[in-house]
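Some notes on the structure that comes next.
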């Protein structure tokens, strides 16, 4: 009879270990979910272009969670935010992933020069146009060669 009690005891211990492991896994899962829900978004770094009253441009970088950045983001629904140092207007800048050129990516900036407000990179557009022009020149040079008659 004692042998049968030993089997029951071993079975109970195995079930107890599985139950403890399940509770631990459940607690870890709940902790990870809680951490994702309460975690702040990463503090990304953004590029800005500050346009001074005299027309000069300055580039700045800023962290989204900084006080100055929050001022700039407030203005972007309707217009520019303040520059971090001195007078002027600050705009979020786009950085072309192809060539690294920084330009303003805001269609509502109609009072600014065109080269600053394109929604696609003006540097890449200029390079594409230049390459197309060179291809035309190469084709016209090829067409003007004498025919072998």
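Just so you know, all these numbers are worked out from the coordinates, no wet-lab data involved. None of these values were measured; they are calculated from a predicted model. Cβ coordinates were reconstructed from backbone atoms using ideal geometry, including for glycine residues, and neighbour counts include every protein chain displayed.
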Once both label points are put 7 Å beyond Cα along the C-beta direction, the residue 127-residue 25 separation in nm becomes 5.1
Ranked on Cβ counts within 10 Å of their own Cβ, fewest leading, 124, 99 go 99, 124
